Amino acid sequence: MCGRFFIAEEDTAEDLRRIIDALNRRYNGRSPARTQGELRPADIIPVVANTPALAPGAFAMKWGYTMPDGKPMFNARSETAATRPLFADGMKQRRCLIPATLYFEWEKRGTQRIKHAIFPTGSDMLYIAGIYRIEGNRAACSILTRAPAACIAHIHDRMPVILPREAVADWLNLRYNPQEVLTASMEIMTFQPCN
């Protein structure tokens, strides 16, 4: 599961800075997206998705599909999303990437909950695979999750699908089978307690 991620205020990842700069240009310096700090479901977040001309662009989207009870559905299982009515259209034609510095997960140890910062080893940022839909006049996205990499399975039984830089264009290219692209998900993660 992924219920929180983080964008560092002084992030040095060139790709992440470029995405945030493009987002600010799109909204004339008044982007509604939160571009630093700890981001939570229902926040407006920076997202990379295709423009109408099918070129990657930076957009502000609400994190989580709005459900009838008003709560956000902020994650979707990558293994079944293509067959679920709520997510199938997103898998087919509305794919996106959520850029971040790292994400957080909580490990349960008895009655304790230990917060961990998790990020790919040797990478300066995350590209989290997602899907989106239009809700009224705003786009809403959900993060795709998968079974955890072996090195962090003791923390939680799910993790976001984190794509390497080489697979980013493939994820946004609607001619590619989404399930095949998702197999490129990163496996070697670094984690450290935050408490």
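For the chain, the spherically averaged projection of the C-alpha convex hull amounts to 11.4 nm².
Over the stretch 1-157, give the accessible area per residue in Å² for a 1.4 Å probe, as an integer. Write out the running numbers ahead of the final one.
Values: 7600 Å² over 157 residues.
Computed with neighbouring chains in place, this is 48 Å² per residue.
Basic side chains Lys and Arg get +1 at the Cβ, acidic Asp and Glu get -1 at the Cβ, and with that the dipole of the stretch 52-132 about its Cα centre reaches some 200 debye. To put it simply, the accessible area of the chain at a 1.4 Å probe is 52 percent carbon and sulfur. Here the spin labels are modelled as points 7 Å beyond Cα on the Cα-Cβ line, and at ARG77 and LYS92 they lie 2.1 nm apart.
Between GLU187 and ASP21, the FRET efficiency from the beta-carbon distance, with R0 = 41 Å, is close to 0.85.
With +1 on the Cβ of every Lys and Arg and -1 on the Cβ of every Asp and Glu, and nothing else charged, how large is the dipole of the chain about its Cα centre, in debye rounded to the nearest 20?
Values: 25 positive and 20 negative charges, 129 e Å.
Here the chain has a charge dipole of around 620 debye.
Under the simplified labelling scheme, the GLU38-ARG113 pair shows an inter-label distance of 1.0 nm, with each label point 7 Å from Cα along Cα→Cβ. Debye calculation, C-alpha points only, no solvent: report log10 I(q)/I(0) for the stretch 1-62 at q = 0.12, 0.18, 0.20, 0.29 Å⁻¹, in the same order as the q values. Once normalised to I(0) and log-transformed, intensities are -0.29, -0.65, -0.79, -1.33. Taking only the Cα atoms of the stretch 17-102, the radius of gyration and Dmax are 13.7, 39 Å.
The values are calculated or read from the model by the stated rules, or taken from the named source; none is laboratory data. This is a predicted model, so every value here is computed, not measured. Heads up, the Cβs are rebuilt from the backbone with ideal geometry, glycines too, and the neighbour counts pull from every protein chain shown. Note: areas computed on protein heavy atoms with side chains; ligands, DNA, RNA excluded. Shrake-Rupley method; radii C 1.70, N 1.55, O 1.52, S 1.80 Å.
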